[in-house]
1. Determine ³J(HN,Hα), in whole Hz, for all residues of region 106-118 in sequence, where each value follows from phi through the Karplus function 6.51 cos²θ - 1.76 cosθ + 1.60 and θ = phi - 60°; x replaces Gly and Pro.
2. Give the residue from Ala235, Gly93, Leu130 lying farthest towards the positive end of the charge dipole for the chain; charges sit on Cβ (+1 for Lys and Arg, -1 for Asp and Glu) and the dipole is referred to the Cα centre.
3. Would you please calculate the Kirkwood hydrodynamic radius of region 231-289 over all C-alpha pairs and express it in Å, rounded to one decimal?
4. Please give the residues of region 280-304, grouped as numeric ranges, whose backbone N is less than 16 Å from a label point set 7 Å along the Cα-to-Cβ vector of Asn252.
5. Starting at the first residue of region 201-212, write each ³J(HN,Hα) from the Karplus equation 6.51 cos²θ - 1.76 cosθ + 1.60 with θ = phi - 60°, in whole Hz, x for Gly and Pro.
6. Mind checking which of Ser191, Ser236, Ser105 has the largest fluctuation in a GNM of the chain, springs on alpha carbons under 10 Å?
7. I want the antiparallel fraction of DSSP beta bridges within the chain, as a percent rounded to 5.
8. Taking 30 Å as R0, compute the FRET efficiency from the Cβ-Cβ separation of Gln67 and Val300 and round it to 0.05.
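Please treat every number below as a calculation from the coordinates, not as lab data. Only a predicted model underlies this, so the values are computations on that prediction, with no experimental measurement involved. Cβ: placed from backbone, ideal geometry, glycine included. Neighbour counts: every protein chain shown.
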Amino acid sequence: MLLPAYANNKQVTDMQFATHTIQPYSNPLIDPAIRTRFNRKAGIVYGFIFGLGLAIVLWIPDALQLQQASAYLAWAKFPIGLIISLLIGTLAGWIVGRTQQPFVSILIWILAVALIAWIAGHLPYEWVSLIARLDHSYPVTYDFPPFAAGLTGISIVIGMLAGLLTGVFQLLIIESAWNKSTALSQISLRSILALGLCLPIAVAFALFADGLINAPIRAPVLDVVQTIDRARNPASDFGADQQLGILYQYRNQLLRTLSYTAYWKGVQSDPDTTALTDIVDMVFDTGLILRCQYTKLGGVSMISSCSPVTQ
């Protein structure tokens with residue numbers, strides 16, 4: 001009677017051993033080619049998110065403010081900037097995802113963001129001038145002034161710092177995105193959210209660049225338009241407001257105005273006083289055209305004169 005018992009016990013032991021050995025390995029080895037493909041795709045998504053976030057923050061608020069002020073070509077910079085930012089960001093992310101070399105990653109992103117900064121600095125001038133030449137309704141040509149070159153240079157330096165951080169982040173974030181990938185080693189929603197952690201860098205750089213590149217052009221247009229709107233208000237006191245006093249002789253024509261368009265014509269510098277004078281033409285539906293000079297000196301900005309001109 002002992003033999004059957006022994007046989008039964010051995011059979012149970014063999015079954016337990018067999019059950020243990022056929023369990024799948026919880027961390028199977030991944031084909032390196034699969035990980036390489038994931039890194040490339042994740043790099044593309046990372047760069048796309050960076051470029052998209054940068055373009056939205058850098059050019060959409062600027063365009064909305066200029067549109068509200070009835071500025072000429074208010075939205076001209078956004079589509080160009082969006083396409084360029086997406087192309088450069090996506091290409092940089094793809095290259096870094098393909099190489100996965102720390103030095104190369106940082107260098108590529110430093111060059112990429114610096115290039116975006118350089119283009120953003122020239123975009124309101126040469127690039128918008130190309131678009132303006134297609135419209136012959138009002139002559140405008142935007143030359144790249146010396147002060148803009150200085151501000152663009154500062155933006156490039158800030159862009160290089162942002163690029164350094166972006167390159168380091170990509171190496172770290174792609175690993176996190178991989179850990180959140182699907183069972184088939186594809187990018188998941190959680191992976192995309194992880195890759196989106198580059199947005200704070202893109203947004204911070206865009207805000208700096210807007211203040212250095214877009215604001216110096218936007219502020220004169222907004223201030224001149226706000227002054228014109230006050231002058232069109234019948235209840236305004238022209239005697240108590242020095243800026244309105246400049247427009248007093250045109251009051252009756254301004255009151256009859258229903259619409260207008262603001263044209264930023266460029267900026268002039270005075271080497272003796274270091275003052276910068278922006279030229280803003282206000283074209284009204286009544287036929288009146290006022291050329292306003294907006295002077296910036298020592299932190300003080302104001303309309304220094306407005307006079308009628310013919311187109």
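1. After applying 6.51 cos²θ - 1.76 cosθ + 1.60, I find 5, 4, 4, 6, 4, 5, 5, 6, 4, 5, 4, 5, 5 Hz.
2. Most positive-ward Cα: Gly93.
3. Values: mean 1/r = 0.0755 Å⁻¹.
Computed over region 231-289, the radius equals 13.3 Å.
4. Output list for this probe position: 286-288.
5. In residue order, the calculated couplings are 5, 4, 5, 4, 5, 4, 5, 4, 5, 4, x, 8 Hz.
6. Evaluated over the chain, the most mobile residue of the options is Ser236.
7. Values: 26 of 27 bridges.
Counting only bridges with both partners in the chain, antiparallel ones make up about 95 percent.
8. On the way: r = 27 Å, r/R0 = 0.92.
For R0 = 30 Å, the calculated efficiency reads 0.65.
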